[in-house]
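For reference, the structure discussed in these notes is given below.
The values are calculated or read from the model by the stated rules, or taken from the named source; none is laboratory data. The structure presented is a predicted model; accordingly, all values stated were derived computationally and were not measured. Note that each Cβ is placed from the backbone with ideal geometry, even for glycine, and that neighbours are counted across all protein chains shown.
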Amino acid sequence: MATTRPKKNVPLEIGPDTYLDVNQVADLIGLAPGTIWNWRLVGKLPPAAKLGKVVRWRRGDILSWLAERTWADARRRAEGQGVAHE
């Protein structure tokens, strides 16, 4: 019988306190990993935890950040200001 291995970038348990690597954050947001690194450097993302060379973001922080941006974009559209593209 063939066994399937779990995907490399999928945490076993997913919750708001799950820590995500750059590829998981990129998949969640729909951007390239390089964009995630760039946005981290310029402060566009929530702070990440860094242990040595390992960088991780709390899933809940990313989801909250994304929700805030979505609401801000919706408000700008409603006020006729348009949406800033990044």
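Data for the structure
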| read-out | value |
| --- | --- |
| Check on G30, loosely packed, with under 11 Cβ neighbours inside 10 Å and modelled with pLDDT of 95 or more | no |
| Matching residues, region 40-60, being surrounded by 12 or more Cβ atoms within 10 Å (Cβ to Cβ) and either free of Cβ contacts under 8 Å to residues at least 40 places away in the same chain or outside any helix (DSSP H, G or I) (or both) | R40, K44, L45, P46, A48, V55, R56, W57, R58 |
